[in-house]
Amino acid sequence: MDIVKAEREVPASLAEVFDQFTDLALGRLDISRGIESVFVYIVKKTFLAELAWAEFGQKERLRIPREDFDAFVEKYMGIYSWDRDKFEQFISEIERAGILRIGDELVFFRHRSFLDYFMALRVSEHREEIHDLDNEIVNLYFNDFWTDVAFFYIGIRRRITQAIVDGISNYCGEAFETEILKVLIGRLLQAGWNTPTEIKKQAIRVGVTNFEPIHSHLVKLLESQEKRVPLIMADLFVLALSQYSFFSRTLSREGLTVANELLEEKTSDALMKSLALFCANRSIVDTADAREYVVKALDTSAQLEQERKLSIHDKYVSLFLLQQIEHEDKKLLKSTRRKLVRVRLQYPTGISHLLPVPKTGFRKKKKS
(Lines give C-alpha, C1' and ligand atoms only; values in the text may rest on other atoms or scores of the structure.)
Protein backbone atom coordinates (compact mmCIF):
# COMPACT_ATOMS: atom_id res chain seq x y z
CA MET A 1 0.00 0.00 0.00
CA ASP A 2 2.93 2.32 0.66
CA ILE A 3 4.17 1.71 -2.90
CA VAL A 4 0.71 2.36 -4.36
CA LYS A 5 0.37 5.57 -2.35
CA ALA A 6 3.83 6.87 -3.25
CA GLU A 7 3.89 5.88 -6.93
CA ARG A 8 0.17 6.23 -7.68
CA GLU A 9 0.10 2.88 -9.46
CA VAL A 10 -0.43 -0.75 -8.56
CA PRO A 11 2.88 -2.65 -8.79
CA ALA A 12 3.33 -4.22 -12.23
CA SER A 13 4.22 -7.49 -10.52
CA LEU A 14 0.76 -7.85 -8.96
CA ALA A 15 0.93 -11.60 -9.52
CA GLU A 16 4.10 -11.67 -7.44
CA VAL A 17 2.25 -9.84 -4.67
CA PHE A 18 -0.34 -12.64 -4.75
CA ASP A 19 2.46 -15.22 -4.79
CA GLN A 20 3.98 -13.77 -1.64
CA PHE A 21 0.67 -13.19 0.11
CA THR A 22 -0.63 -16.71 -0.51
CA ASP A 23 2.71 -18.21 0.53
CA LEU A 24 2.49 -16.29 3.78
CA ALA A 25 -1.21 -17.06 4.34
CA LEU A 26 -0.70 -20.75 3.64
CA GLY A 27 2.20 -21.23 6.03
CA ARG A 28 5.44 -20.95 4.09
CA LEU A 29 7.01 -18.89 6.87
CA ASP A 30 5.57 -20.96 9.73
CA ILE A 31 8.89 -22.18 11.17
CA SER A 32 7.05 -23.92 14.04
CA ARG A 33 6.30 -26.74 11.57
CA GLY A 34 10.00 -27.38 11.01
CA ILE A 35 10.80 -29.20 7.77
CA GLU A 36 7.06 -29.57 7.11
CA SER A 37 6.83 -25.85 6.33
CA VAL A 38 8.91 -26.47 3.19
CA PHE A 39 6.17 -28.43 1.42
CA VAL A 40 2.87 -27.84 3.25
CA TYR A 41 2.16 -24.50 1.57
CA ILE A 42 2.89 -26.06 -1.84
CA VAL A 43 0.33 -28.80 -1.16
CA LYS A 44 -2.26 -26.17 -0.24
CA LYS A 45 -1.56 -23.97 -3.29
CA THR A 46 -1.67 -26.96 -5.63
CA PHE A 47 -4.97 -28.10 -4.13
CA LEU A 48 -6.50 -24.64 -4.51
CA ALA A 49 -5.26 -24.38 -8.10
CA GLU A 50 -6.76 -27.75 -9.04
CA LEU A 51 -10.02 -26.91 -7.27
CA ALA A 52 -10.27 -23.53 -9.01
CA TRP A 53 -9.66 -25.07 -12.43
CA ALA A 54 -11.81 -28.20 -12.16
CA GLU A 55 -14.81 -27.05 -10.16
CA PHE A 56 -14.98 -23.33 -10.97
CA GLY A 57 -13.19 -22.61 -14.26
CA GLN A 58 -14.24 -25.65 -16.27
CA LYS A 59 -17.85 -25.28 -15.12
CA GLU A 60 -17.90 -21.46 -15.27
CA ARG A 61 -19.26 -20.73 -11.82
CA LEU A 62 -18.23 -18.65 -8.84
CA ARG A 63 -19.80 -20.83 -6.12
CA ILE A 64 -20.08 -24.59 -5.91
CA PRO A 65 -22.40 -26.84 -3.87
CA ARG A 66 -20.81 -28.32 -0.76
CA GLU A 67 -21.41 -31.83 -2.08
CA ASP A 68 -19.35 -31.05 -5.23
CA PHE A 69 -16.53 -29.77 -3.03
CA ASP A 70 -16.62 -32.88 -0.83
CA ALA A 71 -16.57 -35.12 -3.90
CA PHE A 72 -13.56 -33.24 -5.30
CA VAL A 73 -11.72 -33.59 -1.98
CA GLU A 74 -12.36 -37.34 -1.89
CA LYS A 75 -11.06 -37.76 -5.42
CA TYR A 76 -8.04 -35.52 -4.78
CA MET A 77 -7.04 -37.40 -1.62
CA GLY A 78 -7.22 -40.67 -3.56
CA ILE A 79 -4.97 -39.39 -6.35
CA TYR A 80 -2.22 -38.39 -3.90
CA SER A 81 -2.93 -41.02 -1.20
CA TRP A 82 -3.29 -38.34 1.45
CA ASP A 83 -4.13 -39.21 5.04
CA ARG A 84 -7.70 -38.04 5.68
CA ASP A 85 -7.10 -36.43 9.07
CA LYS A 86 -3.99 -34.64 7.82
CA PHE A 87 -5.67 -33.37 4.68
CA GLU A 88 -8.77 -32.17 6.52
CA GLN A 89 -6.42 -30.22 8.79
CA PHE A 90 -4.89 -28.58 5.70
CA ILE A 91 -8.34 -27.60 4.44
CA SER A 92 -9.22 -26.06 7.82
CA GLU A 93 -6.00 -24.04 7.67
CA ILE A 94 -6.86 -22.86 4.16
CA GLU A 95 -10.25 -21.62 5.39
CA ARG A 96 -8.68 -19.87 8.40
CA ALA A 97 -6.25 -18.16 6.03
CA GLY A 98 -9.24 -16.31 4.53
CA ILE A 99 -8.84 -17.64 1.00
CA LEU A 100 -11.66 -20.20 0.83
CA ARG A 101 -15.09 -20.10 2.46
CA ILE A 102 -16.47 -23.57 3.17
CA GLY A 103 -20.12 -23.34 4.18
CA ASP A 104 -22.70 -25.99 4.88
CA GLU A 105 -24.29 -25.47 1.47
CA LEU A 106 -21.84 -23.51 -0.68
CA VAL A 107 -18.08 -23.22 -1.13
CA PHE A 108 -16.42 -20.20 -2.76
CA PHE A 109 -13.24 -18.14 -2.83
CA ARG A 110 -13.58 -15.19 -0.48
CA HIS A 111 -12.44 -12.78 -3.19
CA ARG A 112 -12.81 -13.14 -6.95
CA SER A 113 -9.13 -12.29 -7.49
CA PHE A 114 -8.12 -15.39 -5.49
CA LEU A 115 -10.10 -17.58 -7.88
CA ASP A 116 -8.54 -15.91 -10.95
CA TYR A 117 -5.04 -16.18 -9.49
CA PHE A 118 -5.32 -19.88 -8.65
CA MET A 119 -6.81 -20.67 -12.06
CA ALA A 120 -3.86 -18.90 -13.67
CA LEU A 121 -1.47 -20.78 -11.41
CA ARG A 122 -2.96 -24.08 -12.52
CA VAL A 123 -2.62 -23.10 -16.22
CA SER A 124 1.01 -22.12 -15.62
CA GLU A 125 1.85 -25.34 -13.78
CA HIS A 126 0.28 -27.50 -16.55
CA ARG A 127 1.15 -25.34 -19.56
CA GLU A 128 2.97 -28.19 -21.36
CA GLU A 129 -0.29 -30.19 -21.33
CA ILE A 130 -2.42 -27.48 -22.94
CA HIS A 131 -2.69 -27.61 -26.73
CA ASP A 132 -2.09 -24.21 -28.37
CA LEU A 133 -1.53 -22.53 -25.02
CA ASP A 134 -1.08 -19.00 -26.39
CA ASN A 135 -4.43 -19.18 -28.18
CA GLU A 136 -6.04 -20.48 -24.98
CA ILE A 137 -4.71 -17.44 -23.08
CA VAL A 138 -6.09 -15.13 -25.78
CA ASN A 139 -9.51 -16.79 -25.52
CA LEU A 140 -9.45 -16.42 -21.73
CA TYR A 141 -8.55 -12.75 -22.12
CA PHE A 142 -11.59 -12.08 -24.31
CA ASN A 143 -13.86 -14.16 -22.08
CA ASP A 144 -15.89 -11.73 -19.96
CA PHE A 145 -15.97 -14.26 -17.15
CA TRP A 146 -12.25 -15.11 -16.98
CA THR A 147 -10.35 -12.17 -18.49
CA ASP A 148 -8.28 -11.62 -15.32
CA VAL A 149 -7.02 -15.20 -15.47
CA ALA A 150 -4.99 -14.17 -18.53
CA PHE A 151 -3.66 -11.15 -16.59
CA PHE A 152 -2.52 -13.31 -13.67
CA TYR A 153 -1.07 -15.97 -15.98
CA ILE A 154 1.12 -13.44 -17.74
CA GLY A 155 2.05 -11.98 -14.35
CA ILE A 156 3.13 -15.41 -13.10
CA ARG A 157 5.20 -15.94 -16.27
CA ARG A 158 6.39 -12.28 -16.13
CA ARG A 159 6.28 -11.94 -19.90
CA ILE A 160 3.87 -11.86 -22.82
CA THR A 161 4.70 -13.81 -25.96
CA GLN A 162 4.63 -12.61 -29.54
CA ALA A 163 1.94 -15.20 -30.28
CA ILE A 164 -0.33 -13.76 -27.58
CA VAL A 165 0.16 -10.21 -28.90
CA ASP A 166 -0.66 -11.39 -32.44
CA GLY A 167 -3.65 -13.35 -31.15
CA ILE A 168 -5.07 -10.29 -29.38
CA SER A 169 -4.47 -8.13 -32.46
CA ASN A 170 -6.26 -10.56 -34.79
CA TYR A 171 -9.09 -11.55 -32.45
CA CYS A 172 -12.60 -11.00 -33.80
CA GLY A 173 -15.52 -10.45 -31.45
CA GLU A 174 -18.27 -7.99 -30.57
CA ALA A 175 -16.76 -4.76 -31.83
CA PHE A 176 -16.85 -2.32 -28.92
CA GLU A 177 -16.03 -4.78 -26.12
CA THR A 178 -13.22 -6.32 -28.18
CA GLU A 179 -11.74 -2.91 -28.98
CA ILE A 180 -11.74 -1.95 -25.29
CA LEU A 181 -9.88 -5.12 -24.34
CA LYS A 182 -7.38 -4.59 -27.15
CA VAL A 183 -6.59 -1.14 -25.76
CA LEU A 184 -6.20 -2.69 -22.31
CA ILE A 185 -3.36 -4.87 -23.57
CA GLY A 186 -1.22 -2.43 -21.60
CA ARG A 187 -2.40 -4.09 -18.38
CA LEU A 188 -1.04 -7.39 -19.66
CA LEU A 189 2.25 -5.67 -20.47
CA GLN A 190 2.42 -4.31 -16.94
CA ALA A 191 1.96 -7.84 -15.62
CA GLY A 192 4.51 -9.19 -18.10
CA TRP A 193 7.11 -6.59 -17.17
CA ASN A 194 10.00 -8.78 -18.36
CA THR A 195 8.78 -8.82 -21.97
CA PRO A 196 11.38 -7.88 -24.63
CA THR A 197 11.24 -4.24 -25.74
CA GLU A 198 10.22 -4.88 -29.35
CA ILE A 199 7.28 -7.06 -28.31
CA LYS A 200 6.21 -4.36 -25.83
CA LYS A 201 6.25 -1.75 -28.59
CA GLN A 202 4.24 -3.98 -30.93
CA ALA A 203 1.68 -4.61 -28.18
CA ILE A 204 1.38 -0.87 -27.46
CA ARG A 205 0.68 -0.28 -31.16
CA VAL A 206 -2.03 -2.95 -31.04
CA GLY A 207 -3.62 -0.98 -28.20
CA VAL A 208 -3.45 2.50 -29.73
CA THR A 209 -4.76 1.23 -33.07
CA ASN A 210 -8.12 0.79 -31.36
CA PHE A 211 -8.37 4.37 -30.04
CA GLU A 212 -10.06 5.61 -33.22
CA PRO A 213 -12.79 2.91 -33.49
CA ILE A 214 -13.70 3.42 -29.83
CA HIS A 215 -13.80 7.19 -30.32
CA SER A 216 -15.99 6.87 -33.43
CA HIS A 217 -18.39 4.53 -31.64
CA LEU A 218 -18.75 6.94 -28.72
CA VAL A 219 -19.24 9.96 -30.97
CA LYS A 220 -22.11 8.20 -32.77
CA LEU A 221 -23.59 7.22 -29.42
CA LEU A 222 -23.39 10.79 -28.06
CA GLU A 223 -24.83 12.27 -31.26
CA SER A 224 -27.84 9.96 -30.99
CA GLN A 225 -28.85 11.32 -27.58
CA GLU A 226 -31.87 13.60 -27.39
CA LYS A 227 -30.12 15.90 -24.96
CA ARG A 228 -26.94 17.35 -26.45
CA VAL A 229 -23.77 15.94 -24.87
CA PRO A 230 -20.42 17.59 -25.62
CA LEU A 231 -18.51 15.32 -27.99
CA ILE A 232 -15.24 16.03 -26.24
CA MET A 233 -16.45 13.45 -23.73
CA ALA A 234 -15.48 10.78 -26.27
CA ASP A 235 -11.93 12.14 -26.36
CA LEU A 236 -11.74 12.25 -22.57
CA PHE A 237 -12.92 8.64 -22.38
CA VAL A 238 -10.13 7.54 -24.73
CA LEU A 239 -7.61 9.49 -22.64
CA ALA A 240 -8.80 7.81 -19.44
CA LEU A 241 -8.62 4.40 -21.12
CA SER A 242 -5.10 5.13 -22.35
CA GLN A 243 -3.93 6.14 -18.90
CA TYR A 244 -5.49 3.08 -17.27
CA SER A 245 -3.76 0.81 -19.76
CA PHE A 246 -0.40 2.43 -20.41
CA PHE A 247 0.51 4.46 -17.32
CA SER A 248 3.31 2.48 -15.75
CA ARG A 249 7.00 3.01 -15.10
CA THR A 250 7.65 -0.43 -16.56
CA LEU A 251 6.08 0.72 -19.85
CA SER A 252 6.98 4.40 -20.00
CA ARG A 253 10.15 4.03 -22.08
CA GLU A 254 8.44 1.99 -24.79
CA GLY A 255 5.25 4.06 -24.57
CA LEU A 256 7.06 7.36 -25.10
CA THR A 257 9.11 5.85 -27.93
CA VAL A 258 5.93 4.78 -29.73
CA ALA A 259 4.36 8.21 -29.09
CA ASN A 260 7.32 9.92 -30.79
CA GLU A 261 7.33 7.40 -33.65
CA LEU A 262 3.65 8.13 -34.28
CA LEU A 263 4.39 11.84 -34.59
CA GLU A 264 6.82 11.05 -37.40
CA GLU A 265 4.02 9.46 -39.42
CA LYS A 266 2.55 12.94 -40.04
CA THR A 267 -1.12 11.90 -40.14
CA SER A 268 -4.09 13.17 -38.17
CA ASP A 269 -4.89 9.70 -36.82
CA ALA A 270 -1.30 9.11 -35.70
CA LEU A 271 -1.17 12.55 -34.05
CA MET A 272 -4.23 11.83 -31.91
CA LYS A 273 -2.92 8.36 -30.95
CA SER A 274 0.42 9.89 -30.02
CA LEU A 275 -1.19 12.54 -27.81
CA ALA A 276 -3.33 10.02 -25.93
CA LEU A 277 -0.29 7.80 -25.34
CA PHE A 278 1.95 10.66 -24.24
CA CYS A 279 -0.70 12.07 -21.90
CA ALA A 280 -0.95 8.68 -20.20
CA ASN A 281 2.66 9.00 -19.03
CA ARG A 282 2.93 12.78 -18.65
CA SER A 283 3.33 12.68 -14.85
CA ILE A 284 6.58 10.71 -15.13
CA VAL A 285 8.09 12.73 -18.01
CA ASP A 286 10.52 15.51 -17.13
CA THR A 287 9.83 19.09 -18.23
CA ALA A 288 12.47 19.22 -20.95
CA ASP A 289 11.17 16.11 -22.70
CA ALA A 290 7.58 17.34 -22.42
CA ARG A 291 8.51 20.66 -23.98
CA GLU A 292 10.38 18.95 -26.83
CA TYR A 293 7.36 16.76 -27.51
CA VAL A 294 4.93 19.70 -27.53
CA VAL A 295 7.10 21.63 -30.00
CA LYS A 296 7.22 18.65 -32.38
CA ALA A 297 3.48 18.02 -31.99
CA LEU A 298 2.68 21.67 -32.76
CA ASP A 299 4.84 21.51 -35.88
CA THR A 300 3.07 18.34 -37.00
CA SER A 301 -0.33 19.90 -36.33
CA ALA A 302 0.59 23.02 -38.32
CA GLN A 303 1.82 20.91 -41.24
CA LEU A 304 -1.33 18.80 -41.29
CA GLU A 305 -3.50 21.92 -41.14
CA GLN A 306 -1.61 23.48 -44.04
CA GLU A 307 -2.17 20.30 -46.05
CA ARG A 308 -5.88 20.35 -45.03
CA LYS A 309 -5.51 16.94 -43.34
CA LEU A 310 -6.59 18.01 -39.85
CA SER A 311 -10.26 18.30 -38.91
CA ILE A 312 -11.52 21.13 -36.74
CA HIS A 313 -12.34 18.58 -34.04
CA ASP A 314 -8.82 17.11 -33.99
CA LYS A 315 -7.18 20.52 -34.21
CA TYR A 316 -9.04 21.82 -31.17
CA VAL A 317 -8.61 18.68 -29.09
CA SER A 318 -4.90 18.39 -29.95
CA LEU A 319 -4.26 21.98 -28.87
CA PHE A 320 -6.31 21.45 -25.73
CA LEU A 321 -4.20 18.42 -24.81
CA LEU A 322 -0.90 20.11 -25.66
CA GLN A 323 -1.58 22.93 -23.24
CA GLN A 324 -2.16 20.32 -20.54
CA ILE A 325 1.11 18.56 -21.35
CA GLU A 326 3.32 21.63 -21.16
CA HIS A 327 2.25 24.37 -18.78
CA GLU A 328 5.55 25.43 -17.19
CA ASP A 329 7.06 27.13 -20.24
CA LYS A 330 4.97 30.31 -20.11
CA LYS A 331 5.90 31.46 -23.62
CA LEU A 332 4.98 28.12 -25.20
CA LEU A 333 1.80 27.87 -23.12
CA LYS A 334 0.73 31.35 -24.19
CA SER A 335 1.32 30.49 -27.84
CA THR A 336 -0.69 27.27 -27.54
CA ARG A 337 -3.58 29.05 -25.81
CA ARG A 338 -3.59 31.77 -28.45
CA LYS A 339 -3.96 29.14 -31.18
CA LEU A 340 -6.73 27.45 -29.19
CA VAL A 341 -8.68 30.71 -28.88
CA ARG A 342 -8.18 31.39 -32.59
CA VAL A 343 -9.76 28.04 -33.48
CA ARG A 344 -12.77 28.81 -31.30
CA LEU A 345 -13.21 32.20 -32.94
CA GLN A 346 -12.65 30.98 -36.51
CA TYR A 347 -14.90 27.93 -36.29
CA PRO A 348 -17.62 28.65 -33.71
CA THR A 349 -20.13 26.42 -35.50
CA GLY A 350 -17.62 23.65 -36.11
CA ILE A 351 -16.80 23.21 -32.43
CA SER A 352 -20.19 24.10 -30.94
CA HIS A 353 -20.99 20.37 -30.68
CA LEU A 354 -17.61 19.68 -29.08
CA LEU A 355 -17.92 21.77 -25.91
CA PRO A 356 -20.56 22.14 -23.20
CA VAL A 357 -23.27 24.72 -23.81
CA PRO A 358 -22.17 27.97 -22.12
CA LYS A 359 -24.37 29.08 -19.28
CA THR A 360 -26.36 32.27 -19.86
CA GLY A 361 -27.99 34.79 -17.60
CA PHE A 362 -26.89 36.45 -14.41
CA ARG A 363 -26.72 35.07 -10.94
CA LYS A 364 -28.52 36.97 -8.25
CA LYS A 365 -26.24 38.49 -5.70
CA LYS A 366 -26.62 37.16 -2.21
CA LYS A 367 -28.14 39.58 0.23
CA SER A 368 -25.66 40.77 2.82
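The values are calculated or read from the model by the stated rules, or taken from the named source; none is laboratory data. Predicted model only: the values in this text are computed from it and were never measured. All Cβ positions, glycine included, derive from the backbone under ideal geometry; neighbour counts span all protein chains shown.
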For this session: Report yes if some residue within segment 317-337 is more than 29 Å from the chain's Cα centre (by Cα), part of a helix (DSSP H, G or I), among the polar types (S, T, N, Q) and exposed (fewer than 14 other Cβ atoms within 10 Å of the Cβ); otherwise report no.
Result: no
Problem set entry | Residue check, K227 free of Cβ contacts under 8 Å to residues at least 12 places away in the same chain, in a helix (DSSP H, G or I) and surrounded by fewer than 15 Cβ atoms within 10 Å (Cβ to Cβ) | no
Seminar exercise, completed: Within segment 55-79, residues crowded, with 17+ Cβ neighbours inside 10 Å, under 19 Å from R127 (Cα atoms) and not acidic (D, E) come out as F56, G57
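If only one of V138, V149 is at pLDDT 95 or above, under 30 Å from N260 (Cβ atoms), hydrophobic (A, V, I, L, M, F, W, C) and outside the structural domain of S268 (by TED's automatic domain parsing), which one is it?
V138
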Problem set entry | Considering residues of segment 82-110 that are assigned to a loop (DSSP other than H, G, I, E, B) and touching a residue at least 12 places away in the same chain (Cβ under 8 Å) only, the residue surrounded by the most Cβ atoms within 10 Å (Cβ to Cβ) | I99
Exercise. Among the candidates D269, D289, which residue alone is modelled with pLDDT of 90 or more and over 24 Å from L231 (Cα atoms)?
Worked result: D289
Problem set entry | Test for G98: is it within 17 Å of V17 (Cβ to Cβ) and not β-branched (V, I, T) | yes
Seminar exercise, completed: Condition set in contact with a Phe, Trp or Tyr (Cβ under 9 Å, 6 or more places away or on another chain) and not in a helix (DSSP H, G or I), scope segment 163-211, selection farthest from A259 (Cα to Cα): answer is G173
